[in-house]
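Below you'll find the structure, written out as structure tokens, and then a few comments.
The values are calculated or read from the model by the stated rules, or taken from the named source; none is laboratory data. Owing to the predicted nature of the structure, the values given are computational and were not obtained by experimental measurement. Cβ: placed from backbone, ideal geometry, glycine included. Neighbour counts: every protein chain shown.
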Amino acid sequence: MPTLLRHIAISIALVASCLDSALYATPSDTEAWLQVASNISLDPQKRYQLYLETQPRLASDLERISTVQLRTAVNYAFAEGWSTALGYAWTPIFLDAEYHRIFRDENRTWQGLTFTHRYGGLDWQHRLRQEQRFIEHTDGVAHRSRYQLRVSMPISASGDFGVTTLDEYMVHLYATTNGPSGGYDRNRVFIGPFWKVGATRYEVGYLGEHAKHFGDDARWVHALLTSVVMAS
């Protein structure tokens, strides 16, 4: 039990350190995010999978829908713990940085590389993603790089229950006219319990995101994230 408490304390400390630099320096909003995703095997060996995801988000203190992200991809597991992805996403924006109602269309193509392994009694996942963002009323394509580190600590003997924490950092390779600035885009942290029921994994917890929208406007998001990921 002391080891368990120590791991939880370290996870909370990591999240707190990320919050400290931005929590009081920028405007903030309370939001709720829902992620529902499915991995559908396309061959008996499960090397190829079809990925489907929908992610509606409530913003402006839970009063308005800010976006509904629809994402799909084909995943290929080419070695133990390694997989690649080639995908498309539709991610329209319904609220601007000041939470005024707008509609700004956005389409993305994206590529991913994921590595998962177990070390020190923890499950580790490293995810690299490269996005090409085609945003309405901008001049050119916005190229964004993302790196996510996810660590899960099983608590139950079966490994079906535990705690997950993650940090994801995003950066644009260069600026686009009327669109994202070059450089830092956002940093996202999450901590919460997970549990598995059959082939479905559930996560519910706190998500904090410090983000730049367009130009230099920045905002801190405090969100309740509910995630449901199914596999077949």
Hey, any hits in region 185-200 for a residue that's free of Cβ contacts under 8 Å to residues at least 40 places away in the same chain and acidic (Asp, Glu)?
no
Does residue 201 satisfy the criteria of being of a type in the set (Lys, Arg), assigned to a strand (DSSP E or B) and at pLDDT below 95?
no
Condition check for residue 180: part of a strand (DSSP E or B) and either free of Cβ contacts under 8 Å to residues at least 40 places away in the same chain or over 19 Å from residue 35 (Cα atoms) (or both)
no
Only residues in region 109-125 that are touching a residue at least 12 places away in the same chain (Cβ under 8 Å) count as the first member; pair them with residues that are small (Gly, Ala, Ser) and in a strand (DSSP E or B), Cβ under 6 angstrom, at least 6 apart or cross-chain, and list the lot.
110/87; 112/85; 114/83; 123/152
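Just checking, which of 66, 83 is farther than 30 Å from residue 220 by Cβ and crowded, with 16+ Cβ neighbours inside 10 Å? Step through it out loud before you land on a result.
Numbers: 66 fails: farther than 30 Å from residue 220 by Cβ.
The unique qualifying residue is 83.
Residues 145, 227: which one is out of contact with any Lys or Arg (no Cβ under 7 Å at 6 or more places or on another chain), closer than 20 Å to residue 36 by Cα, surrounded by 14 or more Cβ atoms within 10 Å (Cβ to Cβ) and of a type in the set (Ser, Thr, Tyr)? Give the derivation first.
Details: 145 fails: closer than 20 Å to residue 36 by Cα.
Criteria check complete, one pass: 227.
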What pairs can you find where one residue is in region 41-65 and on the phi > 0 side of the Ramachandran plot, the other is at pLDDT 95 or above and of a type in the set (A, V, I, L, M), and their Cβ atoms are less than 8 Å apart, with a gap of 6+ or different chains?
46/77; 62/32
Out of 147, 184, I need the residue that is modelled with pLDDT under 95 and out of contact with any helix residue (DSSP H, G or I) (no Cβ under 9 Å at 6 or more places or on another chain). Which one?
184
What's the number of the condition residue 159 fails, among (1) in a strand (DSSP E or B); (2) closer than 22 Å to residue 80 by Cβ; (3) not basic (Lys, Arg)?
(1)
